[in-house]
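> Let me give you the structure first, and then I'll get to my questions.
The values are calculated or read from the model by the stated rules, or taken from the named source; none is laboratory data. Note that this is a predicted model, so its numbers are computed, not measured. As a convention, Cβ positions derive from the backbone with ideal geometry for all residues, glycine included, and neighbour counts pool all protein chains shown. Each accessible area value is taken on the protein alone, full model and side chains, heavy atoms only, with ligands, DNA and RNA left out. Shrake-Rupley method; radii C 1.70, N 1.55, O 1.52, S 1.80 Å.
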Amino acid sequence: METLEILVKTQKIDISSFDPETYRKDFPILGEKVHGKPLVYFDNAATTQKPSSVIDTISDYYRHSNANVHRAIHELGDRATTAFEEARKKVAGFIGAKSERQIIFTRGTTEAINLVAAGWGRKFMEEGDEIILSEMEHHSNLIPWQILARETGARLRFIPFTDEGTIDFPVFEQLLSGKTKLIAITHMSNVFGTINPIKRIISMAHDRGVPVLLDAAQSVPHLPVDVEFLDCDFLAFSGHKMMGPTGIGVLYAKSRILENMNPYQGGGEMINSVWLENATWNEIPHKFEAGTPNIAGAVGLAAAIDYINKIGMVSMTLWEQELTTYALDKMSEIDGITIYGHAPERGGVISFNLLDIHPHDMSHLLDQSGIAVRAGHHCAQPIMRKLDIAATTRASFYFYNTKSEIDYFVEQLKQAKSFFGY
Ligand code: PLP
């Protein structure tokens, strides 16, 4: 119990007064009807909805400030550059980074991890070195390391997950060795909802001089995350999972590591001086941002951070905890339901199967009732293989969801049983 315990102990927030209705009106899409029914959006782990402030900020950027960044010597260029660099500062502040130089804008979590595998991994990994991952990784934090291992001769080692969907610590301790060069692990599982005890993992890794990369795609949008407190070496997350637009994400890394890494892609922006045969690199973070960046995306992400700060991340987290406990209690009462993942510390992601109703049939049926959930392997096929199932249905919440939406969802699950003849 680290993250949530700290939250509850240090923040005196009375969640009983939290009313999601206060915020729902900020999200135009939440008023949509789907198949004639009010939308119940429970696919937040895939992507979240956007408040008007984010939509308007992006639109205003294009209406009043659009230009290319950094090199333009005109007013609009100044506006665009200022907005882009202010967004970088905002991101740094949001995750507690010491400097905005540690913030690299990417397309998302996936690109951020690929950047580390290419820029750090290709330079520092050698044959026989080991990378420790867990068995509960999203493909984004698995495939880049598979490719790197193939290229360098490095070996991947995997921390198993337990029946509860938690990290098997004794095995982790055995896997850590003089050969370990990196640990790359998810902060919060997008299948089980498990919040991994990252601080403990990082401190064990650092005792042996091993850097740690956190896949924070599911944690940064839902929990207060402070990179200095965690002392992680790399951290990756996506804007679209925290109310920002798609196509923008972040890699944070410690400055000394970034300075020693190779560039990821070559092109404009990332250079200092260029000759026909060679070139020198720009300073961090620009060394890793070749080409025209997603300026509007960064500006939209900054607006999303403003929105989160207005509500307060701790309130959002605690409300999601409340919703998740409520949903788990109600869902557990349904005969024949299997819920995957029972970690003591968990976020608002619930994967389940109901009898042998196929998740695709289930999500189709729920869709007819206006409820958006996800069905499939959730980009985590190794988890499905180990559980010996093809897929699950996954409901995932955000602070704008309500208990009455959960009541309706549970009611529809019960009706699905009778629809399929149980
Ligand atoms: N890691 C986790 C745990 C995720 O849940 C996701 C997306 O679902 C990703 C990585 C990939 O994020 P993106 O597709 O935004 O790059």
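> Using +1 at the Cβ of each Lys and Arg and -1 at the Cβ of each Asp and Glu in the chain, identify which of Ala279, Ile201, Gly119 lies farthest towards the dipole's positive end.
Ala279
> Report, in debye and to the nearest 20, how large the dipole of the chain comes out about its Cα centre when Lys and Arg carry +1 and Asp and Glu carry -1 on their Cβ.
480
> With all protein chains present, calculate the accessible area of Ser52 using a 1.4 Å probe and round the result to the nearest 10 Å².
Estimated to the nearest 10 Å², Ser52 gives 40 Å².
> Shifting gears a bit: Please work out the average accessible area per residue across segment 77-165, using the 1.4 Å probe convention, and give it in Å².
Value for segment 77-165: 40 Å² per residue.
> If you don't mind, another one. Could you work out the per residue convex hull volume over the alpha carbons of segment 279-422, in cubic angstrom?
Per residue, the Cα convex hull of segment 279-422 comes to 185 Å³.
> Still on this structure: Keeping all protein chains in place and using 1.4 angstrom, which order do Lys330, Lys25, Lys50 fall into by accessible surface area, from largest down?
Lys25, Lys330, Lys50
> Along the charge dipole of segment 54-309, pointing to its positive end and built from +1/-1 on Cβ of Lys, Arg, Asp and Glu, which listed residue (Ala92, Ala184, Gln265) has its Cα farthest out?
Farthest towards the positive end: Gln265.
> Calculated FRET efficiency, Glu411 and Ser53, Cβ-Cβ r, R0 25 Å, to nearest 0.05?
Once rounded, the FRET efficiency stands at 0.15.
> Now for a different question. Which chymotrypsin sites (Phe, Trp or Tyr not before Pro) from segment 245-306 combine a DSSP loop assignment with at most 15 other Cβ atoms within 10 Å?
Trp275
> From the convex hull of the Cα coordinates of the chain, what is the mean projected area in square nanometres?
21.6
> What do you reckon, how do His70, His222 stack up by accessible area (1.4 Å probe), largest on top?
Accessible-area ranking of His70, His222, largest first: His70, His222.
> Cβ under 11 Å from Tyr326's Cβ, Tyr326 left aside: what net charge do those residues give with Lys, Arg +1 and Asp, Glu -1?
Taking every Cβ under 11 Å from that of Tyr326, the sum is -3.
> With every protein chain kept in the model, how would you rank Glu135, Glu173 by accessible area, 1.4 Å probe, largest at the top?
Listed by decreasing accessible area, they come as Glu173, Glu135.
> Oh, and also: Distance between Cα centroids, segment 348-383 to segment 133-189: provide it in whole Å.
Centre-to-centre (Cα) distance: 26 Å.
> Continuing with this model, one more query. I want the antiparallel fraction of DSSP beta bridges within the chain, as a percent rounded to 5.
The antiparallel proportion sits near 60 percent.
> Just read off the accessible area of Asp163 with the full protein assembly in place, 1.4 Å probe, to the nearest 10 Å².
Looks like 150 Å² after rounding.
> For the chain, take the longest principal axis of its alpha carbons; what is the angle in degrees between that and the long axis of helix 75-94, to the nearest 10 within 0 to 90?
It is inclined by approximately 60 degrees.
> Taking R0 as 56 Å, what's the FRET efficiency between Val274 and His360 from their Cβ-Cβ distance, rounded to 0.05?
E between Val274 and His360, to the nearest 0.05, is 0.60.
> Using only the Cα atoms of segment 166-277, build the gyration tensor, take square roots of its eigenvalues as a ≥ b ≥ c, and label the shape rounded, prolate or oblate: rounded if a/c is under 1.5, else prolate if a/b is larger than b/c, else oblate.
In terms of gyration-tensor shape, oblate.
> Which value, in Å² rounded to 10, gives the accessible area of Phe229 with a 1.4 Å probe and all protein chains present?
Approximately 100 Å² of Phe229 is accessible to the 1.4 Å probe.
> Step through the residues of segment 18-31 one at a time and calculate ³J(HN,Hα) from phi using the Karplus curve (6.51 cos²θ - 1.76 cosθ + 1.60, θ = phi - 60°), rounding each to whole Hz and writing x for Gly and Pro.
The phi angles translate into 6, 10, x, 4, 4, 9, 4, 5, 6, 10, x, 5, 5, x Hz.
> Tell me, what % of the accessible area of segment 153-264 is carbon and sulfur with a 1.4 angstrom probe?
For segment 153-264, the apolar C and S fraction of the accessible surface comes to 45 percent.
> How far is helix 403-419 tilted, in degrees, relative to the longest principal axis of the Cα atoms in the chain, given as a value from 0 to 90 rounded to the nearest 10?
That helix lies at roughly 60 degrees to the long axis.
> Counting only protein heavy atoms, what percent of the accessible surface of segment 368-416 is carbon or sulfur at a 1.4 Å probe?
The nonpolar share, carbon plus sulfur, comes to 47 percent.
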